[in-house]
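The values are calculated or read from the model by the stated rules, or taken from the named source; none is laboratory data. Since this is a predicted model, take the numbers as computed values, not measurements. Every residue, glycine as well, gets a Cβ built from its backbone with ideal geometry; the counts of neighbours run over all protein chains shown.
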Amino acid sequence: MSETMAELVGFDEAIARYDPLIGLETHVELGTVSKMFCGCPTGFGAEPNTQVCPVCLGLPGSLPVVNAAAIESTIRIGLALNCSIAGWCRFARKNYFYPDMPKDFQISQYDEPLCTDGWLDVTVHPEGAPPSQLRVEIERVHMEEDTGKSLHKGGATGRIHGADYSLVDYNRAGIPLVEIVTKPIAGTGSLAPAAARAYVTELRDLLRSLGVSDVRMEEGSLRCDVNTSLAPRGSGSWGTRTETKNVNSLRSVERAVRYEIERQAAVLDAGRRIVLETRHFHEDSGTTTAGRSKEEAQDYRYFPEPDLVPIAPSPDWVAELRAALPELPAARHARLQSEWGLSDLDMAALGNAGALDLVAQTVSAGAAPAEARKWWLGELRQRANTEGIELTALAVTPAQVARVSELVASGGLNDKLARQVLDAVLAGQGSPDEVIAARGLAVVSDDSALLAAVDEAIAANPKVAEKIRGGKTAAAGVLLGAVMTTTRGQADAARVRELILERLGQH
Ligand code: ZN
Ligand code: MN
């Protein structure tokens, strides 16, 4: 089949004629100290081929031993995803040749996965429409090992095409991987791209709350393969799927689904067939291109791994792990929403801005929920947007925001001064209290200091003063403005207003 980029159908048009079916396979690198079947360390970014041994290099005669911490993490993931945990299961050899896999097989699980039949509830946030709930069924959660990493040198793009030679780094070979596979997700219609993104987001947050992985998509510790197929609208007869590999950001998950829907609709409209294949997603163009034609299960010649004993987690251990699960993101979200008294849309706004944890930490540090939300979604988000960074990358801590909020509530700072304090904190000039002390930024509410400024303003504006004496108290704003100018905005405005009216016999 030709790969002509122009052959697309507009998304709305595609959805009008076809129902999309999506499925997601997610690989998670576990954050264990050692590898899946040997004692090698797992740290990211070490010199190539320094974290290897005969087992993970697949040398003859070496024997794997299962990492108990990896099994424990996998069971916890399964439990958090509402899966059944197998009482007995085995590893399998998945045979295929690839230069970054020194054994020529991957130890994985095939027909006996550790966890099966679960679900994850996600909230889909389509642009310009209210959020909706979706239950994603989980087919299986199984354990396997990661491969090494090929580095293609000499080409312009870092891809194998055009490269002069390739190098292989086996540090990653044997790092514990958990693969989480959904059942096909039907019925999402035009929400399919947003639903795929929402699922990966929720899964990432869940894995992070379990503390089993650092879930960094950009470093590859969370990698997503997106399956997409179409059926003529209402027919239920699904066409061949494609599998877009290793999509490495949440936004890309959404774009990859959208693009495949548009592309497949065009292929089907032209009376051609979708080829069962893997596809690569390109960040720059938002398109996918054909990879290899997809293997069938029989091509892998799976058989039970003879070098490993079966895994049989005791019911007591599983019950212990279940009882020790932390509060999961969905439950925490619901709890915070009710504690803070926010609407679904308010919570969605916090989530979309990546501000939920920041607001929670600011509230824990003593700020009122409404104030914490106001600072993070207002002033601070504006600054983050200007700098083009995430809220979490701002040089201010939730505790510092809580301190500023507390000073505003107690009258020690007005909003204008509070913004100046935050600016200074963001510029690295110290904590809020240090900035206030260094710059003398506190609100002046001391009457003797204010009265001098009030008298000065009255003397400078005799006509205005006369109007106020005559009962036109609205004119006090002019004098208030003058006082704020001479005090460089540091006066307590409400108190100044009272003093002006008192001085002019209106109180
Ligand atoms: Zn090793
Ligand atoms: Mn896999």
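Return the only residue of Leu8, Leu21, Leu63, Leu59 being part of a strand (DSSP E or B) and of a type in the set (A, V, I, L, M, F, W, C).
Among Leu8, Leu21, Leu63, Leu59, only Leu21 is part of a strand (DSSP E or B) and of a type in the set (A, V, I, L, M, F, W, C).
Kindly list, by first and then second residue, each pair from a residue in the stretch 362-380 that is in the same structural domain as Ala348 (by TED's automatic domain parsing) to a residue that is of a type in the set (Val, Ile, Thr) and assigned to a loop (DSSP other than H, G, I, E, B), limited to pairs with Cβ atoms under 8 Å and residues at least 6 apart or on different chains.
Pairs that qualify, where the first residue is in the same structural domain as Ala348 (by TED's automatic domain parsing) and the partner is of a type in the set (Val, Ile, Thr) and assigned to a loop (DSSP other than H, G, I, E, B), are Leu380/Val396.
Looking at the stretch 161-193, which of its residues are closer than 28 Å to Arg76 by Cα and of a type in the set (D, E, K, R)?
Arg172, Glu179, Lys183
Restricting attention to the stretch 169-188, which residues are β-branched (Val, Ile, Thr), more than 18 Å from Cys115 (Cβ to Cβ) and away from ligand 1 (no atom under 15 Å from the Cβ)?
Listed by number, the residues that qualify are Ile185, Thr188.
Under the condition of being in a loop (DSSP other than H, G, I, E, B) and without any contact (Cβ under 8 Å) to a residue 12 or more places away in the chain, which residue from the stretch 33-46 is surrounded by the most Cβ atoms within 10 Å (Cβ to Cβ)?
In this case the residue turns out to be Gly43.
With Asp214, Asp284, Asp225 as the choices, which residue is touching an Asp or Glu at 6+ places or on another chain (Cβ under 9 Å) and surrounded by fewer than 17 Cβ atoms within 10 Å (Cβ to Cβ)?
Sole residue among the options that is touching an Asp or Glu at 6+ places or on another chain (Cβ under 9 Å) and surrounded by fewer than 17 Cβ atoms within 10 Å (Cβ to Cβ): Asp214.
For every residue, the table says whether it meets (1) at pLDDT 95 or above; (2) within 30 Å of Gly78 (Cα to Cα); (3) assigned to a loop (DSSP other than H, G, I, E, B); (4) not assigned by TED's automatic domain parsing to the domain that holds Ile180.
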site	(1), (2), (3), (4)
Gly234	no, no, yes, no
Thr240	no, yes, yes, no
Asn246	no, yes, no, no
Arg263	yes, no, no, no
Ile274	no, no, yes, no
Ser285	no, no, yes, no
Gly291	no, no, no, no
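When residues of the stretch 367-398 are filtered for being farther than 14 Å from Val421 by Cα and over 21 Å from the mean Cα position of the chain (by Cα), how many remain?
6
Looking at (1) basic (Lys, Arg); (2) touching a residue at least 24 places away in the same chain (Cβ under 8 Å); (3) part of a strand (DSSP E or B), which is the one condition that is false for Arg76?
It is condition (3) that Arg76 fails.
Quick check, is Leu8 more than 15 Å from Pro176 (Cα to Cα), within 14 Å of ligand 1 (Cβ to nearest atom) and either outside the structural domain of Asn248 (by TED's automatic domain parsing) or not small (Gly, Ala, Ser) (or both)? Explain how you work it out, then say what you get.
Working: more than 15 Å from Pro176 (Cα to Cα): yes; within 14 Å of ligand 1 (Cβ to nearest atom): no; either outside the structural domain of Asn248 (by TED's automatic domain parsing) or not small (Gly, Ala, Ser) (or both): yes.
When the stated conditions are applied, Leu8 does not pass them.
Every residue, every condition in (1) outside the structural domain of Asp225 (by TED's automatic domain parsing); (2) in a loop (DSSP other than H, G, I, E, B); (3) free of Cβ contacts under 8 Å to residues at least 60 places away in the same chain, yes or no:
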position	(1), (2), (3)
Pro113	no, yes, yes
Thr116	no, no, yes
Ala129	no, yes, yes
Gln133	no, no, yes
Leu167	no, no, no
Asn171	no, no, no
Val178	no, no, no
Pro193	no, no, no
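Which is buried (at least 16 other Cβ atoms within 10 Å of the Cβ) and within 15 Å of ligand 2 (Cβ to nearest atom), of Gln51, Gln106?
Gln106
If Val267 satisfies every condition in (1) under 22 Å from Thr123 (Cα atoms); (2) surrounded by 18 or more Cβ atoms within 10 Å (Cβ to Cβ); (3) of a type outside the set (S, T, N, Q); (4) at pLDDT 90 or above but one, which is the exception?
Among (1) under 22 Å from Thr123 (Cα atoms); (2) surrounded by 18 or more Cβ atoms within 10 Å (Cβ to Cβ); (3) of a type outside the set (S, T, N, Q); (4) at pLDDT 90 or above, the lone unmet condition for Val267 is (1).
Restricting attention to the stretch 42-63, which residues are within 11 Å of ligand 1 (Cβ to nearest atom) and aliphatic (A, V, I, L, M)?
Val52, Val55, Leu57, Leu59
Name the residue that is nearest to Leu120 (Cα to Cα), counting only residues in the stretch 19-41 that are of a type in the set (Ser, Thr, Tyr) and within 13 Å of ligand 1 (Cβ to nearest atom).
Only one residue fits best here, namely Thr32.
What's the number of the condition Ala69 fails, among (1) more than 16 Å from ligand 2 (Cβ to nearest atom); (2) in a loop (DSSP other than H, G, I, E, B); (3) modelled with pLDDT of 95 or more?
Unmet for Ala69, out of (1) more than 16 Å from ligand 2 (Cβ to nearest atom); (2) in a loop (DSSP other than H, G, I, E, B); (3) modelled with pLDDT of 95 or more: (2).
Report yes if some residue within the stretch 139-156 is in contact with a Ser or Thr (Cβ under 8 Å, 6 or more places away or on another chain) and part of a loop (DSSP other than H, G, I, E, B); otherwise report no.
no
Any residue at all in the stretch 480-492 that is farther than 18 Å from Leu413 by Cβ and not in a helix (DSSP H, G or I)?
The answer is no; no qualifying residue exists.
Based on what the data block shows, is Asn82 over 25 Å from the mean Cα position of the chain (by Cα), in the same structural domain as Val309 (by TED's automatic domain parsing) and either within 16 Å of ligand 1 (Cβ to nearest atom) or in contact (Cβ under 8 Å) with a residue 24 or more places away in the chain (or both)? Break it down stepwise before answering.
On the way: over 25 Å from the mean Cα position of the chain (by Cα): no; in the same structural domain as Val309 (by TED's automatic domain parsing): yes; either within 16 Å of ligand 1 (Cβ to nearest atom) or in contact (Cβ under 8 Å) with a residue 24 or more places away in the chain (or both): yes.
So Asn82 does not fit the description; no.
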